[in-house]
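K.L.:
Got a structure here, written out as structure tokens. Questions coming.
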Amino acid sequence: MNGGNRNYQKELDKIIDGLIKTGTRPKLLMHTCCAPCSSYCLKYLSEYFDITVYYYNPNITEEAEYRMRTKEQKRLIDIYNEELSMDIKFVEGEYDRELFLSKVKGYEACKEGGDRCKICFELRLDKAGAYAKNHGFDFFTTSLTISPLKNAPLLNSIGEEVGSKYDVRFLPSDFKKKEGYKQSIELSKEYGLYRQNYCGCVYSKNEMLSRQKGNDNE
Ligand code: SF4
């Protein structure tokens, strides 16, 4: 399961060109991981799609952290809707940490980017695909491809598999292209968004803490 040499940004450009030519504005369910990552994706795609954010992240194992990220996601959407006249809707998926922990059992020691993350992507994209199907969306996608630490071909492959399973189109993306990642950092600064320094699960937090400890000891 990998995307070989596909250029997902170009594939997205092609779909957007088609929408412009036909004057269509599809309904897009966008799974988001956090406000900073979504800042660029939402701004970029709201020009072409009617967007509903699907915030489904049971991988964030500490509840206070989860609440903080959720609050920031909602605050960003409110800013965009009020200040930039967007009309982004928000849906929060179930915060079921136990489900995440049970899915990644046995993979706790994996480094970020390994097999645990694949399971985590599958869980989140599967829920997003099911929601998109059940609520009549034309497309679904995820903001996760903006991160340089996330495997965009893998995310797109999983998205396509989920799309086939539920018969709903997965919108290809590699949001870090076209300076997307850089723009997301600038937007986060502009709106004073909380930017966490680890991915989400307790294992990624521990990895970050031991990296910091290692740096302190150097
Ligand atoms: S490091 Fe991030 S993507 Fe990987 S399992 Fe943890 S929360 Fe999920």
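K.L.:
Hey, can you grab everything whose amide H is under 5 Å from the amide H of M86? Only 5+ residues off in sequence or another chain; H modelled, so Pro and N-termini drop out.
P.N.:
Answer set, sorted by chain and number: N81.
K.L.:
State the answer as a single residue: which of N59, L29, Y198 lies farthest towards the positive end of the charge dipole of the range 8-216, with beta carbon charges of +1 for Lys and Arg and -1 for Asp and Glu, about the Cα centre.
P.N.:
Positive-most Cα among the choices belongs to Y198.
K.L.:
Another one. Show me the GluC sites (Glu not before Pro) within the range 87-159 that DSSP assigns to loop and that have at most 12 other Cβ atoms within 10 Å of their Cβ.
P.N.:
Filter output for the range 87-159: E94, E108.
K.L.:
While we're on this one: If you line up the long axis of helix 115-134 against the longest principal axis of the chain, both from Cα atoms, how many degrees apart are they, to the nearest 10?
P.N.:
Approximately 30 degrees, to the nearest ten.
K.L.:
Something else: Are there any trypsin sites (Lys or Arg not before Pro) in the range 97-179 that are in a DSSP loop and have at most 14 other Cβ atoms within 10 Å? List them by number.
P.N.:
Sites meeting the loop and neighbour criteria: K105, K111, K178.
K.L.:
Going by the alpha-carbon gyration tensor, a ≥ b ≥ c the square roots of its eigenvalues, is the chain rounded (a/c under 1.5) or, if a/c is not under 1.5, prolate (a/b greater than b/c) versus oblate?
P.N.:
Prolate is the answer for the chain, as a/c is 1.5 or above and a/b outweighs b/c.
K.L.:
At 1.4 Å probe size, with the rest of the protein present, what percent of the exposed accessible area of the range 130-218 is carbon and sulfur atoms?
P.N.:
That share works out to 48 percent.
K.L.:
Next question, about the same structure. In degrees between 0 and 90, to the nearest 10, how far off the longest principal axis of the chain does helix 152-166 point, with axes built from Cα atoms?
P.N.:
Helix 152-166 and the main axis of the chain meet at about 60 degrees.
K.L.:
For the chain, with a Gaussian network of springs between Cα atoms less than 10 Å apart, report the residue from L99, L76, L29 with the top mean-square fluctuation.
P.N.:
Its mean-square fluctuation being the largest, the pick is L99.
K.L.:
Related question: Which residue fluctuates the most in the chain, going by a Gaussian network model with Cα springs under 10 Å, if the choices are P148, P36, P172?
P.N.:
The residue with the greatest mean-square fluctuation here is P148.
K.L.:
Express the carbon and sulfur contribution to the solvent-accessible surface of the range 25-69 as a percent, rounded to the nearest whole number, probe 1.4 angstrom.
P.N.:
Within the range 25-69, the accessible surface is 51 percent carbon and sulfur.
K.L.:
Taking Cα pairs under 8 Å and at least six residues apart, what relative contact order does the range 68-218 come out at, in percent?
P.N.:
19
K.L.:
Accessible area per residue, 1.4 Å probe, Å², for the chain: what's the number?
P.N.:
Per-residue accessible area for the chain comes out at 50 Å².
K.L.:
Right, here's the next one. Which shape class applies to the range 1-117: rounded if a/c is under 1.5, otherwise prolate when a/b exceeds b/c and oblate if not, where a ≥ b ≥ c are the square roots of the Cα gyration tensor eigenvalues?
P.N.:
Here the range 1-117 falls in the oblate category.
K.L.:
Compare S85, S147, S39 in a GNM of the chain, Cα atoms joined below 10 Å, and give the one with the largest fluctuation.
P.N.:
S85
K.L.:
Now for a separate question. To the nearest 10 degrees, how steep is helix 202-216 against the longest Cα principal axis of the chain, on a 0 to 90 scale?
P.N.:
Roughly 60 degrees between the two axes.
K.L.:
Treating only the Cβ of Lys, Arg, Asp and Glu as charged (+1, +1, -1, -1), what charge dipole size does the range 8-216 show about its Cα centre? Round to the nearest 20 debye.
P.N.:
That gives the range 8-216 a dipole magnitude of about 300 debye.
K.L.:
Taking K and R as +1 and D and E as -1, what net charge do the other residues with C-beta under 12 Å from the C-beta of K89 add up to?
P.N.:
With Lys, Arg at +1 and Asp, Glu at -1, the net is -2.
The values are calculated or read from the model by the stated rules, or taken from the named source; none is laboratory data. Not measured: the values here are computed from a predicted model. Heads up, the Cβs are rebuilt from the backbone with ideal geometry, glycines too, and the neighbour counts pull from every protein chain shown. With ligands, DNA and RNA removed, areas are computed over all heavy atoms of the protein, side chains included. Shrake-Rupley method; radii C 1.70, N 1.55, O 1.52, S 1.80 Å.
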